[in-house]
Amino acid sequence: MMNSSSDDDSSNSDFADQPDCYKRLCHIGEGTYGVVYKGINVKSKRVVAMKKIKFDDTTEGIPPSCLREISILKMLKHKNIIKLLNLCVERDRIYLILEYMQCDLKQVMNVYYPRLPSKMTKSLMWQLLQALSYCHLKRIMHRDLKPQNLLVNEFGILKVADFGLARSFSLPCRTYSHDVVTLWYRPPELLLGCKFYGASIDVWSAGCIFAEMICNEPLFSGDSEIGQLFKIFQILGTPNAVVWPEFPNLPDSSREFPFWTPVKDLKSVVRGISNNEKELLQKMLIYNPDERISSSAAMKHKYFLNVSVENLEKLKRTDK
């Protein structure tokens, strides 16, 4: 158990300094910079998620990445973004107390194997884009979108989590690290060493997740950076200066790349994709980041006509 400030929903963003106790129940996952446990507030009996971040012996105090995540989570207030309820600080570690969600999107896809119902895919994708549109409006890019970082409950509510790699961005773009985003969801500009980028990197990742929800397998599953790049080229075709003017000038671009023509129809790669889904996916996977559809524009696509939140009845049997 540990002392903390209150996790009452009515508490303000400064976390009122009231004593409380939490108890770890079981391990449920790994975050970018920490281990996540299911826990309980012993006083209120509220079930929570507890993200433990241990201080490195070589650093003084809370790691900068942790401070950044805390700052961003305290700033972002949206129904589709995980809520930071509280902080618990011990001598050599800090716990982020977060609202508890039953499982992540990858687990949902496994439960509904071989594929999610189409209405469910639409609902979850809509909620993801709502969260991204809000983040991007606030000048925040997540930089590590993947199914494991999208949390879902039995009521079909999706929340974006794990902001350990998130950063604010500015216009015009400034330099950032290109070694972000899990490999399978990493956009080509990062694979090619681009250090000037913005919110469009999240849209590419969301597009990869969209395709994975439709056919229940990763769209680009490389085992190295060059392997990942070639997986993309094999489906979308090897880019050139016509489709992507900056392509020849990127640090890791090469004239020696193999030449692939794009597949004639994404339906041959993404099994079961509808025409509207295919049209939206193609806009999300445009090579040129400046031409890639934005999260807010994607929400206006005709695919989302008559969208509604779908209950996930099968999840009632998956909670630990």
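Taking the listed residues GLU256, GLU313, GLU246, the one that is farther than 21 Å from LEU105 by Cβ and exposed (fewer than 15 other Cβ atoms within 10 Å of the Cβ) is GLU256, with no other qualifying. Applying the condition of being out of contact with any Leu (no Cβ under 8 Å at 6 or more places or on another chain) and in a loop (DSSP other than H, G, I, E, B) to the stretch 80-110 and asking which residue is farthest from HIS136 (Cα to Cα) yields ARG91. Of all residues in the stretch 211-238, those being assigned to a loop (DSSP other than H, G, I, E, B), in contact (Cβ under 8 Å) with a residue 40 or more places away in the chain and surrounded by 20 or more Cβ atoms within 10 Å (Cβ to Cβ) number 1. For the stretch 44-51, check the following and say yes or no: at least one residue is farther than 30 Å from LEU281 by Cα, of a type in the set (Lys, Arg) and buried (at least 20 other Cβ atoms within 10 Å of the Cβ). Yes: one or more hits. Inspection of the stretch 154-163 finds no residue satisfying the criterion of being part of a helix (DSSP H, G or I) and over 22 Å from TYR303 (Cβ atoms). Here VAL307 passes the criteria (1) within 30 Å of LEU137 (Cα to Cα); (2) part of a helix (DSSP H, G or I) except the one numbered (2). Counting the residues of the stretch 137-153 that are outside any loop (DSSP other than H, G, I, E, B) and crowded, with 21+ Cβ neighbours inside 10 Å gives 7.
Looking at this structure, is ASP104 among the acidic types (Asp, Glu) and within 24 Å of the chain's Cα centre (by Cα)? Spelling it out, ASP104 is indeed among the acidic types (Asp, Glu) and within 24 Å of the chain's Cα centre (by Cα).
Only the coordinates and a few stated rules stand behind these numbers; no lab work does. Keep in mind that what you see is a predicted model, and the values were worked out from it rather than measured. Positions of Cβ are generated from backbone atoms using ideal geometry, with glycine treated the same way; all protein chains shown enter the neighbour counts.
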